[in-house]
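Since the structure comes first, as structure tokens, the remarks are kept for the end.
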Amino acid sequence: MGKFICKIVLFFLIVALADQLWGVAMDSVISKIDIGGVGRNTFICEKCTDDILVFGSSRAEFHYNAQMISDSLGQSCYNCGEEGCGIILAYGRLLLLKERYNPKTIIYEITPAYDFHDGHDNDKYLSRLKYYYGKPGIDSIFWSVDPKERYKMTSRIYRNNSSFLQNLIVFLSHRSADSGIKGFRPVQKKMNPMKKRKNFIPYDSRKGYEYDSLKFQYWDKFMEQTKDAEVFFVASPMWYGQDTLAIQPIKDICKARNLCLLDYTNDPKYVHHDEYFMDGFHLNATGADEFTRDLIKDIRQWRLAHRP
């Protein structure tokens, strides 16, 4: 009986050791990837020190020409947007960035589905933060999304189970999707007329909105971390336009804190203008450049009006 128990203990020790060794190996692989989404994430979380940071979803990643912003405003700029993500990832990345420095200006692209609404999908926002689990404040983000993550994340294999093969391929082939120009990823596509949905209203207030209380908690945390920075909240253009109540939560935040909100979603310059879009929700490269010019002009006007 004693020998059997010893074998069981030895088995689990070997599994635990293999798990940790796998984690060390994958950490080494990830640290050497400097292209694609992983390389971009590593740069944001470990190396970025730019004056102006852009946060948000794919609508941030594809819409904000960071080089144009930098050249026009005379401050360095990096686009930290991430496709399919919102406030939970943005807060985690901001914590990691602030370990090194305090950004001067934050531009946040508002996407209601990822920033306010209850989509029962908060766990998907954690993937880019898994590599930094254990850093101050990061582990508690995981626990708040799912208390079971406290136990799951002790496994180094679990931390990499959804991406290790892809990361290994990128590491060996040194081929990946374009990581962009200062984080900005322009898309050279034209609007496909066949994909337009007639009479479609994104975030239709007639159906009512279900809000996520956890996301609102992270808005409070995000605002606390940015209280010493210049903050601009932006809703960039949409081909369909947008229900004006869709971004009401951020309107309330801006009113309470006297912050700038720039809403372009129903701007007639862009609504139903195919030349600026690749689909109903995303600008193409032409639209991104045009929108960035408009944004720069409005930021300058705001600064002039609020100059001490």
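The values are calculated or read from the model by the stated rules, or taken from the named source; none is laboratory data. This is a predicted model, so every value here is computed, not measured. Because the Cβ atoms are built from the backbone with ideal geometry, glycine has one as well, and the counts that use them run over all protein chains shown. These accessible areas exclude ligands, DNA and RNA; they are computed on the full protein's heavy atoms, side chains included. Shrake-Rupley method; radii C 1.70, N 1.55, O 1.52, S 1.80 Å.
From the list Asp178, Asp118, Asp146, pick out the single residue that is at pLDDT 90 or above and of a type in the set (Asp, Glu).
Details: Asp178 fails: at pLDDT 90 or above; Asp118 fails: at pLDDT 90 or above.
Exactly one of Asp178, Asp118, Asp146 is at pLDDT 90 or above and of a type in the set (Asp, Glu), namely Asp146.
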Do we find a residue being under 21 Å from Cys80 (Cβ atoms) and open to solvent by less than 20 Å² (accessible area, probe 1.4 Å) anywhere in the stretch 143-160?
no
Filtering the stretch 262-284 down to residues that are over 15 Å from Arg197 (Cβ atoms) and over 22 Å from the mean Cα position of the chain (by Cα), which residue is surrounded by the fewest Cβ atoms within 10 Å (Cβ to Cβ)?
Pro268
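Quick one: would you say Glu46 is charged (D, E, K, R), touching a helix residue (DSSP H, G or I) at 6+ places or on another chain (Cβ under 6 Å) and touching a residue at least 12 places away in the same chain (Cβ under 8 Å)? Write out each step before concluding.
On the way: charged (D, E, K, R): yes; touching a helix residue (DSSP H, G or I) at 6+ places or on another chain (Cβ under 6 Å): no; touching a residue at least 12 places away in the same chain (Cβ under 8 Å): yes.
So Glu46 fails the test.
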Aliphatic (A, V, I, L, M), open to solvent by less than 30 Å² (accessible area, probe 1.4 Å) and at pLDDT 95 or above, is that true of Ala246?
no
Would you confirm, using the coordinates I've provided, whether Arg300 is over 23 Å from the mean Cα position of the chain (by Cα) and basic (Lys, Arg)?
yes
Return the residues of the stretch 194-219 that are surrounded by 11 or more Cβ atoms within 10 Å (Cβ to Cβ) and in a helix (DSSP H, G or I); say none if nothing qualifies.
Ser205, Leu214, Lys215, Phe216, Gln217, Tyr218, Trp219
Which ones in the stretch 214-249 are of a type in the set (S, T, N, Q) and in contact (Cβ under 8 Å) with a residue 12 or more places away in the chain?
Gln217, Gln225, Thr226, Ser236, Gln242, Thr244
Output the number of residues of the stretch 232-259 satisfying the condition of being touching a helix residue (DSSP H, G or I) at 6+ places or on another chain (Cβ under 8 Å) and part of a helix (DSSP H, G or I).
4
Answer with yes or no whether Gly287 is modelled with pLDDT of 95 or more and either within 23 Å of the chain's Cα centre (by Cα) or buried (at least 19 other Cβ atoms within 10 Å of the Cβ) (or both).
yes
Mind checking whether some residue in the stretch 30-38 is buried (at least 20 other Cβ atoms within 10 Å of the Cβ), at pLDDT 70 or above, within 20 Å of Pro103 (Cβ to Cβ) and not hydrophobic (A, V, I, L, M, F, W, C)?
no
